[in-house]
1. Which residue fluctuates the most in the chain, going by a Gaussian network model with Cα springs under 10 Å, if the choices are Glu241, Glu186, Glu364?
2. List the trypsin sites (Lys or Arg not before Pro) within segment 235-301 that DSSP assigns to loop and that have no more than 14 neighbouring Cβ atoms inside 10 Å.
3. Which value, in debye to the nearest 20, gives the size of the charge dipole of the chain about its Cα centre, when Lys and Arg are +1 and Asp and Glu are -1 at the Cβ?
4. Check which residues have an amide H placed less than 5 Å from His239's amide H, if you skip close sequence neighbours.
5. Test of understanding: what is the full-extension gain from Glu118 to Ser170, defined as 0.36 nm times their sequence separation minus their Cα-Cα distance?
6. Per residue, what accessible area does the chain have, given a 1.4 Å probe and all protein chains present, in Å²?
7. In debye, nearest 20, what is the charge dipole magnitude of segment 150-275 about its Cα centre with +1 on Lys and Arg Cβ and -1 on Asp and Glu Cβ, if you could check?
8. For a quick check: with amide H placed at 1.01 Å from N, whose amide H comes under 5 Å from Leu210's, ignoring anything fewer than 5 positions away on the same chain?
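The values are calculated or read from the model by the stated rules, or taken from the named source; none is laboratory data. Worth saying up front: this structure is predicted, and the values here are computed from it rather than measured. Glycine also receives a Cβ, built like all others from the backbone with ideal geometry; neighbour counts cover every protein chain displayed. These area figures cover heavy atoms from the full protein model, side chains too; ligands, DNA and RNA do not enter into them. Shrake-Rupley method; radii C 1.70, N 1.55, O 1.52, S 1.80 Å.
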Amino acid sequence: MVELFGRAITRRQIEERSGALSQFAGVRLMELGDGIERGIRLLEFRTGSGLRFTVLIDRAFDIAECEFKGQSVAWHSSAGFRNPGLHEGEGEFGLGWLRSFSGLLVTCGLDHILGGAEVPSESYFHHQRPKVKQTIHGRVSVVPARLSGYGERWDGDRCFLWAEGIVQQSAVFGEDLHLIRRVEAEVGTSEIRLTDRIVNHGFYKTPHMLLYHINAGHPVLDEGSRYLAPIRDVVWAGHAETYRAQTVGYRRIPAPQHNFYEQVWQHEMAADANGEVPVALVNDRIGLGLEVTTRKDQFPCFYEWQHFQAGQYTIGIEPSTNHVIGALAARERNEMIWLEHGEERRYDSTFRILDGPAATAASESKIRAIAVQPDDDYPVPSGNFIRIAGRS
């Protein structure tokens, strides 16, 4: 049964009451037509519960807009949803990525994440390319996808909206990695399910790293909003030398600040009995929250990005395949994922809107049952980067 308009309803009853499902819910192909966004194809999803979100086909199949009952959940930066044809990936000493940084989900990878770096590339067997110069957070986020398909799928009286695309990040004498992404949302619900497969389509042994930059914005992000997570240990803080200077800890969100320097934390998360790690941002004042659930075996590391500068007000929920210490350290510690031809990694994530006090309270209770996060807003970072097993 589909939960719509306060009651359970069958497929037949929906069809009796409309000429098309699109009256209530659906997914449709659109194209942006002005300014720096001109020419970007997107898919608009509406689940009928009040959840609406868009998937940017031409920007790595990432999620751009997200709103619930007219309230925004996603962050929109002043950079906008820039057409990839305008992007200069190697510009500004590798920081050109910041001119195409916006939306709820920005995928980072597929062979590099975190800050820019020069990394060995002997596996590509080219004497003039002994190293690869990587830009911040890699290249994939501005690669257009090939749209495999989209639409609605009925399973009895349940209906699922879906879309799938393939994003190919490739170079001669370099990587040939394919991101195969499927997005699903059940009609009548307020959940987005993301399934990613990263496949080495080439014949070079290729490094693989992945990070989801999940960026929440106002009004779910506001003064007094709370960051909830099953934190076992606060491992690292990028602002450790000025830990209390901005009087912003990891748990509670301040109002927008002038001259705010970004703060980044790495937390060691605990998982539930199913291996899942739920993290939430909740605004108790308006009874709205965003919960992101990932798998510990797929994303063993987790960051919290705080960017509370006025005009750029956001927080990042960031599951990662690797520690914040970076690509060179991952190689030295034998924690880099290496993919041979045909090998792949899978990643399963759920984005859930928390609607009302009961939903936010249930999420908080679930998270606390896994691990109770530190009461101190400024826990001393342990520096204990737990070794990621199973990689060599």
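1. Maximum among the listed residues: Glu241.
2. Numbers: sites: Arg244, Arg251, Arg252, Arg285, Arg295, Lys296; in loops: Arg244, Arg251, Arg285, Lys296.
Passing sites in segment 235-301 are Arg244, Arg285.
3. Computed charge dipole of the chain: roughly 340 debye.
4. Excluding prolines and chain starts, which carry no amide H, the hits are Val264.
5. Gain in length upon complete extension: 16.9 nm.
6. Numbers: 16820 Å² over 392 residues.
Accessible area per residue: 43 Å².
7. It works out to roughly 240 debye.
8. Thr321, Asn322
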